[in-house]
């Protein structure tokens with residue numbers, strides 16, 4: 001009987017390195033907007049754009065990046081990207097120390113970080129099925145969701161304390177150090193990737209087209225991509241209004257806001273422990289639709305914090321949002337990996353990242369623009385309602401009827417075996 005994935009040395013190194021990296025990254029998620037608001041007096045549209053900048057490279061670069069990832073070894077690429085992101089973030093406190101830091105530097109750093117994150121994430125997602133068997137993907141993805149959860153749990157709280165203690169610019173040094181540790185952990189992995197097939201290698205554009213045909217040619221993958229992308233626009237529209245509402249209307253400190261956001265990570269960690277049972281009981285497709293609808297819909301309750309003590313509402317609210325959304329994240333990641341052959345993992349993930357994370361900056365920009373014209377409260381209510389509708393559109397697609405993950409034997413570029421759906 002094989003060991004559980006978390007007891008396997010190489011997977012544990014990947015998992016541990018990513019956990020440290022995610023904690024550092026969540027510090028930056030709080031530090032950069034806070035730095036822009038308090039040091040440069042950035043307004044709603046500027047904050048929306050800043051939050052969006054790290055995701056903007058995804059719709060631009062992800063498709064060709066996915067084809068490149070399928071051509072090269074993933075481990076050296078991940079190490080290179082981690083070291084590059086370390087250097088980018090280290091430049092922010094260096095410029096601040098010289099009294100040369102300007103607002104545009106934050107935008108440039110966010111975009112540059114996004115470029116290397118595109119390549120790292122696609123290599124990382126394609127590397128997981130190399131390290132574990134396909135029947136271990138659900139367990140592996142559940143463990144890796146804990147990685148994000150740990151980052152979201154610890155990072156905002158640490159970030160809030162650091163921002164208050166040493167300022168936003170110096171706080172991002174924690175993230176820079178986390179990328180160095182991530183690179184070292186990936187370097188320590190002993191597993192050697194199989195030889196890359198070159199016999200069927202074509203022009204880059206043809207390989208990108210093959211990935212697109214694989215995703216859009218499968219009705220389940222196509223529905224997952226389009227419905228969750230539409231929901232994702234509204235799911236991320238709340239982020240810029242949240243900062244403005246928390247600091248401007250509720251007068252929260254960075255430390256308290258960080259603690260509130262950390263409860264989302266705690267919820268995600270709790271949710272990841274029961275995700276497998278939730279998926280087994282509700283089914284794969286229904287889990288995606290219902291968890292997405294509930295988590296986005298609950299963001300519309302944030303403005304109620306003006307009527308009750310903010311901490312009494314926001315701490316449990318973010319705890320529930322984090323717990324509910326996790327099962328859907330695990331389900332959608334495992335399903336798309338299970339329906340894709342090894343040689344297309346990078347390109348399949350690139351298509352999803354192009355759409356999913358293309359929706360992320362679009363949502364950030366939408367939230368910033370709407371908050372500037374309608375106000376933060378109206379924006380939070382409106383985008384939550386539209387997000388629920390978009391999530392529930394899955395009911396009208398074949399994805400709603402998917403009950404189980406397909407067996408390894410039936411993985412193919414075409415339709416999954418219907419008796420398992």
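The values are calculated or read from the model by the stated rules, or taken from the named source; none is laboratory data. Owing to the predicted nature of the structure, the values given are computational and were not obtained by experimental measurement. Glycine gets a Cβ as well: all are built from the backbone with ideal geometry, and neighbour counts include every protein chain shown.
Would you mind stating whether residue 258 is under 28 Å from residue 402 (Cβ atoms), in contact (Cβ under 8 Å) with a residue 24 or more places away in the chain and assigned to a helix (DSSP H, G or I)?
No.
Please work out if residue 145 is touching a helix residue (DSSP H, G or I) at 6+ places or on another chain (Cβ under 9 Å), part of a helix (DSSP H, G or I), over 18 Å from residue 51 (Cα atoms) and at pLDDT below 75.
yes
The conditions are (1) over 20 Å from residue 406 (Cα atoms); (2) modelled with pLDDT of 80 or more; (3) surrounded by fewer than 17 Cβ atoms within 10 Å (Cβ to Cβ), and residue 213 fails exactly one of them. Which is it?
For residue 213, the failing item is (1).
Quick one: count up the residues across the stretch 265-286 that are assigned to a helix (DSSP H, G or I) and surrounded by fewer than 24 Cβ atoms within 10 Å (Cβ to Cβ).
12
Go over the candidates 246, 205 one by one and state the one that is surrounded by fewer than 24 Cβ atoms within 10 Å (Cβ to Cβ), out of contact with any strand residue (DSSP E or B) (no Cβ under 7 Å at 6 or more places or on another chain), in a helix (DSSP H, G or I) and at pLDDT 85 or above.
On inspection, the qualifying residue turns out to be 246.
For the stretch 288-305, what are the residues that are within 19 Å of the chain's Cα centre (by Cα), over 10 Å from residue 326 (Cα atoms) and surrounded by 21 or more Cβ atoms within 10 Å (Cβ to Cβ)?
Selection gives 289, 293, 296, 299.
Here are some residues: 331, 342, 350. Which one is at pLDDT below 85 and surrounded by 20 or more Cβ atoms within 10 Å (Cβ to Cβ)?
The unique qualifying residue is 350.
Which residue is modelled with the lowest pLDDT, if the candidates are limited to the stretch 179-190 and must be in a loop (DSSP other than H, G, I, E, B) and exposed (fewer than 15 other Cβ atoms within 10 Å of the Cβ)?
190
Does residue 376 satisfy being modelled with pLDDT under 85 and over 18 Å from the mean Cα position of the chain (by Cα)?
Yes; evaluated as a whole, the condition is true for this residue.
Please determine whether any residue of the stretch 167-178 is modelled with pLDDT under 75, within 30 Å of residue 34 (Cβ to Cβ) and surrounded by 22 or more Cβ atoms within 10 Å (Cβ to Cβ).
yes
Any idea which of 324, 308 is surrounded by 22 or more Cβ atoms within 10 Å (Cβ to Cβ) and either out of contact with any helix residue (DSSP H, G or I) (no Cβ under 8 Å at 6 or more places or on another chain) or closer than 24 Å to residue 404 by Cα (or both)?
324
Check the stretch 220-233 and report whether any residue there is within 16 Å of residue 33 (Cβ to Cβ) and assigned to a helix (DSSP H, G or I).
No, the stretch 220-233 contains no residue that is within 16 Å of residue 33 (Cβ to Cβ) and assigned to a helix (DSSP H, G or I).
Out of the residues in the stretch 380-419 that are modelled with pLDDT under 90 and in a helix (DSSP H, G or I), state the one that is farthest from residue 370 (Cα to Cα).
My answer is 409.
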